[in-house]
Structure formats: structure tokens, C-alpha cells
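Chemist: My structure is below; once you've seen it, I'll send some questions.
Since every read-out is calculated from the coordinates, none of them should be taken as a lab result. Keep in mind that this is a model prediction, so the values were computed, not measured. Glycine also receives a Cβ, built like all others from the backbone with ideal geometry; neighbour counts cover every protein chain displayed.
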Amino acid sequence: MALTSVFTSLNLPVKNVVQSKAFFTGLGFELNPEYPDNENSVALLIGDNLQVMLIHQAFFNTLTEKESVDTGKYAQMTIALALESREKVDEIVNTALSLGGNLHAEPEDHEFMYHWGFVDLDGHLWAINYYMSPDAAQG
């Protein structure tokens, strides 16, 4: 039996919840109205059943016995989003850069997939992709 989640939340530590909230809402992510928005955390919807919780570093550290990753040195994960078009990929990455994010990689065009990425204000890596079927790429 496959495990199917009704709702998924990725929890990311951030240095400044207010600045991170402004960054991600500037990218077009919506706040999840079912979760409180305060100095410790904010919930952003990034899909029909997926959200990212941006949690202040000090509060995040109370949720785990492990030390969080220094994103200036290490990558713990890459958050990959598939969007509906190449133009939307370019729009999101360019907007992220204009809001203070950094470039993660140069754009890559593999015919069936277009990829570009950015680093958010706290050093988390975001891979923004557009996929098309291999048949469409060949035809």
C-alpha cells in the first residue's frame, strides 16, 4: 500500500519571519489562513496540498534535538517546484532575484525540461522547473 498524505508541510528555519514572509508573498505564494501568522512562524501555500512553514530559527531549534544546517556551508535539501510554463519559471526566478534572493544555477534547457533556481534569503535552495512530455519535446 502506498502512503498518501492528505496535506504536507515543509518546515524551514528562517532568521527573520517578517522579511521571509515579504519575500515569498512577493513571489506570489499565499498565506495559509488556517495557521497563525506571528513572529515565530508563517505558513505559505505552495500547492493544493503543500505548504512551507517559515519558522524563526530560535523557535525551530526547540522543535528538534538536532542542530539545524548552516545553509551558508551546507545544503540539506532542494525544494523543487514544477510550474506550468518556461515563462513562469523565468518570472519566479527573476522576481526572487529582485527581492534579494541569489542565483542558484544558470537556466538549463533539456528540451523536455527547463530548469532554473534561486537561493532564498536564508540560503535554502529552490529549483524551479517546467516539464513537458518527452513525446512533445521530440515532436
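Chemist: For region 46-56, check the following and say yes or no: at least one residue is within 14 Å of L12 (Cβ to Cβ) and among the small types (G, A, S). Break it down stepwise before answering.
Modeler: Start the filter on region 46-56 by keeping residues that are within 14 Å of L12 (Cβ to Cβ), which leaves 46, 50-56.
Applying the additional criterion that residues be among the small types (G, A, S) yields none.
The answer is no, given that none of the residues of region 46-56 is within 14 Å of L12 (Cβ to Cβ) and among the small types (G, A, S).
Chemist: Here's another thing I want to ask about it. Regarding region 41-58, can at least one residue be identified that is in contact (Cβ under 8 Å) with a residue 24 or more places away in the chain, of a type in the set (D, E, K, R) and outside any helix (DSSP H, G or I)?
Modeler: no
Chemist: Follow-up. I need the full set of residues from region 82-102 which are over 16 Å from D122 (Cα atoms) and free of Cβ contacts under 8 Å to residues at least 24 places away in the same chain, in order please.
Modeler: Matches in region 82-102: E87, E91, N94.
Chemist: Identify, by number, the condition in (1) within 18 Å of I79 (Cα to Cα); (2) among the hydrophobic types (A, V, I, L, M, F, W, C); (3) surrounded by fewer than 16 Cβ atoms within 10 Å (Cβ to Cβ) that L12 doesn't meet.
Modeler: Among (1) within 18 Å of I79 (Cα to Cα); (2) among the hydrophobic types (A, V, I, L, M, F, W, C); (3) surrounded by fewer than 16 Cβ atoms within 10 Å (Cβ to Cβ), the lone unmet condition for L12 is (3).
Chemist: Continuing with this model, one more query. Which of the strands (runs of 3 or more DSSP E) contained wholly in region 60-131 include at least 1 residues that are touching a His at 6+ places or on another chain (Cβ under 6 Å) and within 20 Å of K21 (Cα to Cα)? Break it down into steps so the answer makes sense when it comes.
Modeler: Numbers: elements: 78-83, 102-109, 113-119, 125-131.
Once the strands (runs of 3 or more DSSP E) in region 60-131 are filtered for at least 1 residues that are touching a His at 6+ places or on another chain (Cβ under 6 Å) and within 20 Å of K21 (Cα to Cα), what remains is 113-119, 125-131.
Per-residue answers, yes or no, for (1) surrounded by 15 or more Cβ atoms within 10 Å (Cβ to Cβ); (2) under 15 Å from F24 (Cβ atoms); (3) of a type in the set (S, T, Y):
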| residue | (1), (2), (3) |
| --- | --- |
| D70 | no, no, no |
| Y74 | no, no, yes |
| A80 | no, no, no |
| L97 | no, yes, no |
| G100 | no, yes, no |
| E111 | no, no, no |
| Y114 | yes, no, yes |
| V119 | yes, yes, no |
